[in-house]
Amino acid sequence: MRIPLFEKGLNDLIDYIDSIIPVKDLTMIEIGSYAGESTEIFAKRFGKVITIDPHEPNYDDNDSASNSDFTEVLEKFLERKSKYNNIEYIRMKSDDAINLLKNFKVDLVYIDGVHTYEQVKKDIENYMPLIKNGGFISGHDFTPGWQTVVNAVTESLGEIDGVFCDASWVKRIHDVTVVYTYFGQEERIPGIVNQKLNTVIVDDCSSKPLGPIDGVRVFRILDDIRWNQPGARNLGVHVSDGWIICADIDHLVTHEMVKELKRYRWVRGNIYFLGREDDDMLHNFFLVHKEDFDYMGGWDEDFSGNWGHDDTYLSIKFRKFLYPIYLTHIKSKIYKESMSVGVRDSTHNHQLLIKKINGDFAHTPRLRFKWTEIK
């Protein structure tokens, strides 16, 4: 029987995840169920629990549990499992079960299997690709008594987000995508590529078309629409998933900026405005989740064709539908020589803005043009 501290620690872990994403709708994998005490705690809170355990003895000389009577252990596990219809049991070693699950996507992986350094690292390596963007990897026994676990976790994942009273640990997986819009600024491409971030560049039907770029997804708008920044940015978000940083081509999002961002807890329903080195905050430089962006309707392409106020209206919509967080101390370098040029007459769009903000903020059609991916 596990001590009460164990149950409190697991529930604190679940509460932490629930404060970010409601767990009742989430699917998780548990590696190592033993007698099912943790499985039962997870099943009470999560939408679905996939639990993996071969229930075989003698798996680790340094773990006293491996010397248990596994006939009895399995009976206790099956008894607990029988009370829930949201538990899927895979009686295999985790190394074998991954072959059944490699095409699955889950919200949490909890690792409490064999505690050797090699196996913990292997479980992290095998199961990390199954975690959705914005999901969590977690596990048990992050404690000096299990230095093999501590070493494997920190070497594989770096700094973790937290440890709970039962020695459960957690780290959120942020695979952020940086979206840039391009209109002929070829000089900016090498610097962007050198950051080696997950990057999308949308070529807004420029006269200097972008070709394929190693490590970057490139898309081109085929219709020549004047001042089509709203459409180009909508396309960049459309082809991305999860958390997204939207930036102008005259910005540079660096590894250091993303590392600093990851020190903060990203919460769905928030919009995170970022800063610039010239201290001029823009409404079009931010971190947002794709589903929140879609919820508030994205950029309004009624503003395309004329210059100005599309970002102003977007900012108003963000504040109406989402909660703004200002992380403007995280600053991007600005390359003013790469700013877009052209006739900047905002008369038409100013009138449109007044009409829009006095309206009902109805969503308008997006991607009103032909486009293709450049491969």
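Quick notes
- Residue match in region 80-88 (condition: under 22 Å from Phe164 (Cβ atoms) and at pLDDT below 95): yes
- Residue within region 337-344 that is touching a Lys or Arg at 6+ places or on another chain (Cβ under 6 Å) and under 19 Å from Asp203 (Cα atoms) present: yes
- When Val343 is tested against the conditions (1) at pLDDT below 95; (2) surrounded by 19 or more Cβ atoms within 10 Å (Cβ to Cβ); (3) not charged (D, E, K, R), the lone failure is (2).
- Test result for Phe164, touching a Ser or Thr at 6+ places or on another chain (Cβ under 9 Å), buried (at least 17 other Cβ atoms within 10 Å of the Cβ), aromatic (Phe, Trp, Tyr) and in contact (Cβ under 8 Å) with a residue 60 or more places away in the chain: no
- Screening Asp123 on (1) out of contact with any strand residue (DSSP E or B) (no Cβ under 6 Å at 6 or more places or on another chain); (2) of a type in the set (Asp, Glu); (3) touching a residue at least 40 places away in the same chain (Cβ under 8 Å) shows it passes everything except condition (1).
- Test: residue in region 104-113 that is under 13 Å from Gly36 (Cβ atoms) and either surrounded by 15 or more Cβ atoms within 10 Å (Cβ to Cβ) or in contact with a helix residue (DSSP H, G or I) (Cβ under 8 Å, 6 or more places away or on another chain) (or both): yes
- When region 122-159 is filtered for residues that are hydroxyl-bearing (Ser, Thr, Tyr) and assigned to a strand (DSSP E or B), only Ser138 remains.
- Selection within region 126-161 - among the β-branched types (Val, Ile, Thr) and crowded, with 16+ Cβ neighbours inside 10 Å: Ile131, Ile137, Thr148, Val149, Val150, Val153, Ile160
- Subset tally (residues that are more than 19 Å from Asp107 (Cβ to Cβ) and among the β-branched types (Val, Ile, Thr)) for region 155-176: 1
- Yes/no for Arg217 being part of a loop (DSSP other than H, G, I, E, B) and in the same structural domain as Asn306 (by TED's automatic domain parsing): no
- Within region 231-276, considering residues that are farther than 17 Å from Leu367 by Cα and of a type in the set (Val, Ile, Thr), the one surrounded by the fewest Cβ atoms within 10 Å (Cβ to Cβ): Val267
- Residue check, Arg344 of a type in the set (Lys, Arg), within 30 Å of Lys171 (Cα to Cα), without any contact (Cβ under 8 Å) to a residue 60 or more places away in the chain and not assigned by TED's automatic domain parsing to the domain that holds Gly162: no
- Residue in region 134-144 that is touching a helix residue (DSSP H, G or I) at 6+ places or on another chain (Cβ under 6 Å), assigned by TED's automatic domain parsing to the domain that holds His55 and acidic (Asp, Glu) present: yes
- Criterion applied to Leu322, Leu287 was being surrounded by 21 or more Cβ atoms within 10 Å (Cβ to Cβ) and out of contact with any Ser or Thr (no Cβ under 8 Å at 6 or more places or on another chain), and the one residue passing it is Leu287.
- Condition check for Ile87 on (1) more than 23 Å from Thr154 (Cα to Cα); (2) touching a residue at least 24 places away in the same chain (Cβ under 8 Å); (3) surrounded by fewer than 18 Cβ atoms within 10 Å (Cβ to Cβ): one failure, at (3).
- Criterion applied to Ala35, Ala97 was being hydrophobic (A, V, I, L, M, F, W, C) and either under 23 Å from Phe136 (Cα atoms) or exposed (fewer than 14 other Cβ atoms within 10 Å of the Cβ) (or both), and the one residue passing it is Ala97.
- Residue count for region 263-278 under the criterion of being part of a loop (DSSP other than H, G, I, E, B) and touching a residue at least 40 places away in the same chain (Cβ under 8 Å): the result is 8.
- With a requirement of 2 or more residues that are within 23 Å of Arg226 (Cβ to Cβ) and under 31 Å from the mean Cα position of the chain (by Cα), the strands (runs of 3 or more DSSP E) lying completely within region 282-375 that satisfy it span 371-374.
The values are calculated or read from the model by the stated rules, or taken from the named source; none is laboratory data. Just so it is clear, the model here is predicted, and its values are computed rather than measured. Cβ atoms come from the backbone with ideal geometry, glycine included; neighbour counts cover every protein chain shown.
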